[in-house]
Amino acid sequence: MTAMMTALFGGTSPQWQSRVVPVPEPGPGQVLVRARAVSLNNADVQQLDSSASGTGRRREYLAGYEFAGDIAATGPGADSVHIGDRVMGITMGAFAQYVLAGHQHVMPIPESLGYDEASALPTGLLTEHGALTRARFRSGQSVLITGATSSIGLIGVQMAKATGAAHVIGTTRSKTKEALLRQSGADSVVVTDGQDLTQAVLDATGGEGADVVLDHVGGQTFADCLPATRVDGHIVNIGRLDGPQATIDLDALSYRHLHVRGVSFGFSRPEALGHVVAAAVEEVMPAVADHRIRPFVDSVHAFDRAHEAANRMRSHRAHGKIVLIVP
């Protein structure tokens with residue numbers, strides 16, 4: 001194993017900068033992964049842009065969060081994996097040839113998946129399964145997923161269906177994406193640019209509302225979800241694509257006895273995140289292995305063309321994950 005590696009750093013420029021730095025050594029409970037592919041998330045480009053514009057903290061940082069590769073070394077106590085295992089996972093500082101992660105934060109890659117597909121899965125799998133768990137989802141319930149054509153939302157649609165949802169409703173702003181949602185398993189599609197979200201969901205559920213809502217949009221969409229949720233139903237906010245501010249109808253919240261939660265597993269304590277990973281491996285990995293849950297990869301870019309991948313993310317035209325192949 002080489003002593004030096006190439007990694008992408010942000011914080012000092014409008015684009016990630018490639019640097020040659022020492023390969024880190026795994027400490028207690030850590031693994032070192034030889035990354036083969038890494039995937040972009042909205043937060044990666046938002047952090048890059050905020051640092052460059054001066055609205056964020058302007059200091060250099062190792063970029064990236066989501067990766068797939070092979071175990072190259074293990075630290076003391078990292079007994080759940082072995083050198084050579086193919087794994088995917090999440091950690092801060094993933095845009096590098098060698099990635100440090102907690103051994104409890106990696107998952108085995110099914111044989112049916114390549115590294116590029118595997119790198120596109122961890123965030124979506126953990127976020128959507130964790131959110132369904134927080135919502136106390138049970139087989140036979142109805143699930144509304146807003147922003148369902150986002151890369152994470154598409155995982156959520158498939159996961160809800162694979163774990164027994166009786167009726168999955170997905171929202172999109174574009175009529176052209178309706179076929180994509182139905183292909184992913186959505187039973188009903190709400191095109192929010194031309195339909196009233198609340199009324200469309202009530203119509204699709206016989207006037208009752210959805211049992212569970214996974215909201216990736218926030219803003220006014222989050223507010224519209226409250227009266228679209230069944231009495232005693234659960235709403236979990238995951239993302240804020242339309243912004244973090246929402247003015248809600250407290251009558252809809254109170255009279256319907258709704259349970260509202262927020263999740264952001266990327267900022268969870270390591271032990272708590274480990275529990276989320278373990279539950280996802282046990283409960284949804286079989287559906288990944290047999291392709292009931294699969295990633296949607298929008299585009300694949302060379303590691304030294306990371307600026308192209310970032311610009312693709314900024315365009316808001318990607319249909320699925322944007323992947324970098326690590327040399």
Pairs under 9 Å by beta carbon, first residue among the basic types (Lys, Arg) in region 1-22, partner open to solvent by less than 70 Å² (accessible area, probe 1.4 Å), six or more apart or different chains? Arg19/Thr6; Arg19/Ala7; Arg19/Leu8; Arg19/Phe9; Arg19/Leu62
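Would you list the strands (runs of 3 or more DSSP E) that sit entirely within region 37-114 and hold 1 or more residues that are open to solvent by 50 Å² or more (accessible area, probe 1.4 Å)? Spell out the reasoning first.
Working: elements: 66-74, 86-90, 98-102, 106-108.
Once the strands (runs of 3 or more DSSP E) in region 37-114 are filtered for at least 1 residues that are open to solvent by 50 Å² or more (accessible area, probe 1.4 Å), what remains is 66-74, 86-90, 106-108.
Filter region 276-327 for residues that are of a type in the set (Gly, Ala, Ser) and in a strand (DSSP E or B); which is surrounded by the most Cβ atoms within 10 Å (Cβ to Cβ)? Spell out how you get there, then give the answer.
Of all residues in region 276-327, those of a type in the set (Gly, Ala, Ser) come to 278-280, 287, 289, 299, 302, 306, 309-310, 315, 318, 320.
From what's left, in a strand (DSSP E or B): 299, 302.
On the way: Ser299: 16, Ala302: 12.
Among those residues, the one meeting the criterion is Ser299.
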Which pairs have Cβ atoms under 9 Å, sit 6 or more apart or on different chains, and link a residue in region 277-293 that is at positive phi to one that is open to solvent by 30 Å² or more (accessible area, probe 1.4 Å) and part of a loop (DSSP other than H, G, I, E, B)? His291/Ser112
Being among the polar types (S, T, N, Q) and touching a helix residue (DSSP H, G or I) at 6+ places or on another chain (Cβ under 7 Å) narrows Ser174, Ser184 down to just Ser184
In this structure, does Asn311 turn out to be free of Cβ contacts under 8 Å to residues at least 24 places away in the same chain and within 26 Å of Met92 (Cα to Cα)? yes
If Gln183 satisfies every condition in (1) open to solvent by 40 Å² or more (accessible area, probe 1.4 Å); (2) of a type outside the set (Ser, Thr, Tyr); (3) closer than 15 Å to Leu197 by Cα but one, which is the exception? (3)
I'm told Arg240 meets every condition in (1) open to solvent by 50 Å² or more (accessible area, probe 1.4 Å); (2) touching a residue at least 40 places away in the same chain (Cβ under 8 Å); (3) in contact with a His (Cβ under 9 Å, 6 or more places away or on another chain) except one. Can you identify the failing condition by its number? (2)
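Condition check ((1) crowded, with 18+ Cβ neighbours inside 10 Å; (2) under 22 Å from Ala318 (Cα atoms); (3) in contact with a strand residue (DSSP E or B) (Cβ under 8 Å, 6 or more places away or on another chain)) across all residues:
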| site | (1), (2), (3) |
| --- | --- |
| Val190 | yes, yes, yes |
| Asp193 | no, yes, no |
| Asp196 | no, no, no |
| Ala200 | yes, no, yes |
| Glu208 | no, no, yes |
| Asp211 | yes, no, yes |
| His216 | yes, yes, yes |
| Gln220 | no, no, no |
Tally of residues being crowded, with 22+ Cβ neighbours inside 10 Å, touching a Phe, Trp or Tyr at 6+ places or on another chain (Cβ under 8 Å) and of a type in the set (A, V, I, L, M, F, W, C) across region 7-31: 3
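For Phe296, state whether it is among the aromatic types (Phe, Trp, Tyr) and over 14 Å from the mean Cα position of the chain (by Cα). Give the steps one after another, and end with the answer.
On the way: among the aromatic types (Phe, Trp, Tyr): yes; over 14 Å from the mean Cα position of the chain (by Cα): no.
When the stated conditions are applied, Phe296 does not pass them.
The values are calculated or read from the model by the stated rules, or taken from the named source; none is laboratory data. Because the structure is predicted, anything quoted here is derived from the model rather than measured. As a convention, Cβ positions derive from the backbone with ideal geometry for all residues, glycine included, and neighbour counts pool all protein chains shown. SASA here: full protein model, heavy atoms, side chains in, ligands and nucleic acids out. Shrake-Rupley method; radii C 1.70, N 1.55, O 1.52, S 1.80 Å.
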